[in-house]
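First up is the structure itself, then whatever we jot down about it.
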Amino acid sequence: QVQLVESGGGLVQAGGSLRLSCAASGSIPSINGWYWHRQAPGKQREWVAVITSGDSTNYADSVKGRFTISRDNAKNTVYLQMNSLKPEDTAVYYCNGRGKGNNAWGQGTQVTVSS
């Protein structure tokens, strides 16, 4: 099994930046895709970004060009660098690791962007 713990959320003004971290432990080699998702109040959870075990990345259109997903294998940590934040980016952000026999989720971290 894999355990994930997010951190780095907070309150930021529009146009600002935050970096989210997702610290992983457990059966990490079983994970072949690391995802960030978010859920805004009253809305369904949506996918934000993914990085594969081969370091391929992809982004939702709503964050493309503003967010960057990366990972540090030595630290077993996945990051989401968020720049040019907008009020509509306000949500709880979740880290998700998927692989053979694993679909692990973190507890989420709140990001609030004020206008």
**Request:** Give just the number: which of (1) in contact with a Phe, Trp or Tyr (Cβ under 6 Å, 6 or more places away or on another chain); (2) open to solvent by 40 Å² or more (accessible area, probe 1.4 Å); (3) in contact (Cβ under 8 Å) with a residue 60 or more places away in the chain does residue 81 not satisfy?
**Result:** (1)
**Asked** Can you tell me which residues in segment 83-104 are touching a Gly at 6+ places or on another chain (Cβ under 8 Å) and hydrophobic (A, V, I, L, M, F, W, C)?
**Response** 85, 92, 95, 104
**Residues that are in contact with a Ser or Thr (Cβ under 8 Å, 6 or more places away or on another chain), surrounded by 14 or more Cβ atoms within 10 Å (Cβ to Cβ) and assigned to a strand (DSSP E or B), drawn from segment 6-33** = 6, 7, 12, 20, 21, 22, 23, 24, 31, 33
**Message:** Looking at (1) in a loop (DSSP other than H, G, I, E, B); (2) within 16 Å of residue 93 (Cα to Cα); (3) not small (Gly, Ala, Ser), which one does residue 55 not meet, given that it meets all the others?
**Reply:** (2)
**Message:** Of the conditions (1) open to solvent by 40 Å² or more (accessible area, probe 1.4 Å); (2) more than 20 Å from residue 104 (Cβ to Cβ); (3) at pLDDT 95 or above; (4) not β-branched (Val, Ile, Thr), residue 67 satisfies every one except a single condition; which number is it?
**Reply:** (1)
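The values are calculated or read from the model by the stated rules, or taken from the named source; none is laboratory data. Remember, predicted model here, so these are calculated numbers, not experimental data. All Cβ positions, even for glycine, are placed from backbone atoms using ideal geometry, and neighbour counts span all protein chains on display. Accessible surface areas use protein heavy atoms only, side chains included; no ligands, DNA or RNA. Shrake-Rupley method; radii C 1.70, N 1.55, O 1.52, S 1.80 Å.
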